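Engineer: Dropping the structure in here first, questions after.
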Amino acid sequence: MGRVIRGQRKGRGSIFRSHTKHRKGPAKLRALDYAERHGYIKGVVREIVHDPGRGAPLAKVVFRDPYRYKMRKELFIATEGMYTGQFVYCGKKAVLSVGNCLPLGSMPEGTVVCAVEEKPGDRGKLATTSGNYATVIAHNTDTKRTRVKLPSGAKKTLLSVNRAMVGVVAGGGRIDKPMLKAGNAYHKYKVKRNCWPRVRGVAMNPVEHPHGGGNHQHIGKPSTVKRNTPAGRKVGLIAARRTGRLRGGKSSQKHDD
């Protein structure tokens, strides 16, 4: 019987839970309401703030409540070019400009968007990381669906009523600069969660990892494992379709429309 390996321990939570003490809150679009479905609503960007553990800055946007005499504060992901005091418009009839939020069906093909809803009313799930964006490729008016190219390069068909923010997520180019020293990595992951430094499996003892042990640091068995492998053995390339270097041209892209 080996020890419970790191991957299993992470599922328990405990010391592996994310560090949320100083976080500003979940960044979401407005809750879908009558004003957004049929017209538009105006908000103003009060502040652009840094969120610990997140590469992208957040924008505190204030809207007037359509039903009560009060203000509603929302926390949006800031798009590139957003500034304090800017008016942002959300809704079906909003104009197409950076920072505004409108349904995918109201945008022309080729529009660069972020914080795209996967399902109507889920308040923005796709393309939310710093510097990321999705592109509207095509509309199908018969089925009321829109094809979108995601940051990974994959193409996804979504409902045209799904909302998205116009523009690119701010904070881009973050990964262009190298870390340079371990201290920078330490501080980066300190505000995220306990996942650094990461000890390699081959550097461990046989009791601690399936790749551990031996007179040289080698795996000693195929690094690919089945999808239904028991948790204590499930390390390496899990359910790999292919392994090795990518060789040859981009022939795999051909069957993608």
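The values are calculated or read from the model by the stated rules, or taken from the named source; none is laboratory data. It should be emphasised that the depicted structure is a prediction, and the values quoted were computed from it without experimental measurement. Methodologically, a virtual Cβ is constructed for each residue, glycine included, from the backbone with ideal geometry; neighbour enumeration extends over all protein chains shown. SASA here: full protein model, heavy atoms, side chains in, ligands and nucleic acids out. Shrake-Rupley method; radii C 1.70, N 1.55, O 1.52, S 1.80 Å.
Engineer: Full-extension gain between Glu118 and Arg72, please, as 0.36 nm times their residue separation minus the C-alpha to C-alpha distance.
Structural biologist: Values: separation 46, 0.36 × 46 = 16.56 nm, distance 2.40 nm.
Working it through step by step, the gained length comes to 14.2 nm.
Engineer: If you don't mind, there's one more thing I want to ask. Using the basic label-point model (7 angstrom from Cα toward the beta carbon), what is the Ser97 to Ser14 distance in nanometres?
Structural biologist: It is 5.5 nm.
Engineer: So, one more: Could you sort the peptides 50-56, 20-26 by per-residue average Cβ neighbour count (10 Å cutoff), highest mean leading? Before the final figure, lay out the partial values.
Structural biologist: Values: 50-56: 16.7, 20-26: 11.0.
Top to bottom by mean Cβ count within 10 Å: 50-56, 20-26.
Engineer: Could you tell me what fraction of 2.2 N^0.38 Å the Cα radius of gyration of the chain comes to, as a two-decimal ratio? Mind dumping the intermediate values first?
Structural biologist: Numbers: Rg = 22.7 Å, N = 257, 2.2 N^0.38 = 18.1 Å.
Expressed relative to 2.2 N^0.38 Å, the Cα Rg reads 1.25.
Engineer: List the GluC sites (Glu not before Pro) in region 95-187 that DSSP assigns to loop (not H, G, I, E or B) and whose Cβ has at most 11 other Cβ atoms within 10 Å. Which are they? Mind showing how you got there, number by number?
Structural biologist: Numbers: sites: Glu109, Glu117, Glu118; in loops: Glu109, Glu117, Glu118.
Answer in residue order: Glu109.
Engineer: So, with +1 on the Cβ of K and R and -1 on the Cβ of D and E, and no other charges, what is the size of the charge dipole of region 72-194 about its Cα centre, to the nearest 20 debye? Kindly include the intermediate steps, with their values, before the conclusion.
Structural biologist: Numbers: 21 positive and 8 negative charges, 100 e Å.
Result for region 72-194 is approximately 480 debye, rounded to the nearest 20.
Engineer: Could you work out how much longer the chain between Ser223 and Leu159 gets when fully extended? Use 0.36 nm per residue separation minus the Cα distance between them, nm to one decimal.
Structural biologist: On the way: separation 64, 0.36 × 64 = 23.04 nm, distance 3.97 nm.
Working it through step by step, the gained length comes to 19.1 nm.
Engineer: In whole Hz, what ³J(HN,Hα) sequence does region 146-156 give by Karplus (6.51, -1.76, 1.60; θ = phi - 60°), x for Gly and Pro?
Structural biologist: 10, 9, 10, 9, 8, x, 6, x, 6, 10, 10
Engineer: Between Ile137 and Lys125, with labels modelled 7 Å along Cα→Cβ, what's the label distance in nm to one decimal, could you check?
Structural biologist: 1.9 nm
Engineer: I would also like to ask the following. Averaged per residue, what accessible surface does the chain expose to a 1.4 Å probe, in Å²? Numbers along the way, then the final one.
Structural biologist: Details: 16740 Å² over 257 residues.
Normalised by residue count, the accessible surface of the chain is 65 Å².
Engineer: Let me ask something else. Can you give me the relative contact order of region 125-224 as a percent, contacts being Cα pairs under 8 Å and 6 or more apart?
Structural biologist: Numbers: 106 pairs, mean separation 16.7, N = 100.
Relative contact order here is 17 percent.
Engineer: For the chain, which whole percent of the accessible surface, found with a 1.4 angstrom probe, sits on carbon and sulfur atoms? Please report the intermediate quantities before stating the final value.
Structural biologist: Numbers: 8650 of 16740 Å².
That fraction is 52 percent.
Engineer: Which whole-Hz ³J(HN,Hα) couplings does region 226-234 yield from phi under the Karplus relation 6.51 cos²θ - 1.76 cosθ + 1.60, θ = phi - 60°, glycine and proline marked x?
Structural biologist: Running phi through 6.51 cos²θ - 1.76 cosθ + 1.60 with θ = phi - 60° gives 6, 5, 9, 5, x, 4, x, 10, 7 Hz.
Engineer: Now a separate question. If amide hydrogens are placed 1.01 Å from N in the peptide plane, which non-local residues have theirs closer than 5 Å to the one on Thr79?
Structural biologist: Amide H neighbours of Thr79: Ala170.
Engineer: How much length would be gained if the chain were fully extended between Glu109 and Asp176, taking 0.36 nm per residue of separation minus their Cα-Cα distance, in nm to one decimal?
Structural biologist: On the way: separation 67, 0.36 × 67 = 24.12 nm, distance 2.91 nm.
Extending this stretch completely gives an extra 21.2 nm.
Engineer: In percent, what relative contact order does the chain have, based on Cα pairs under 8 Å that are 6 or more apart in sequence?
Structural biologist: Working: 500 pairs, mean separation 44.6, N = 257.
About 17 percent, as a whole number.
Engineer: What is the Cα centroid distance between region 135-174 and region 2-48, reported in whole angstrom?
Structural biologist: Going from one Cα centre to the other spans 21 Å.
Engineer: Charges at C-beta only: +1 for Lys and Arg, -1 for Asp and Glu. How large is the resulting dipole of the chain about its Cα centre, in Debye rounded to 20?
Structural biologist: Details: 53 positive and 16 negative charges, 231 e Å.
Magnitude of the dipole: close to 1100 debye.
Engineer: Among the Cys residues of the chain, which have no other cysteine Cβ under 4.7 angstrom away?
Structural biologist: Cys114, Cys195
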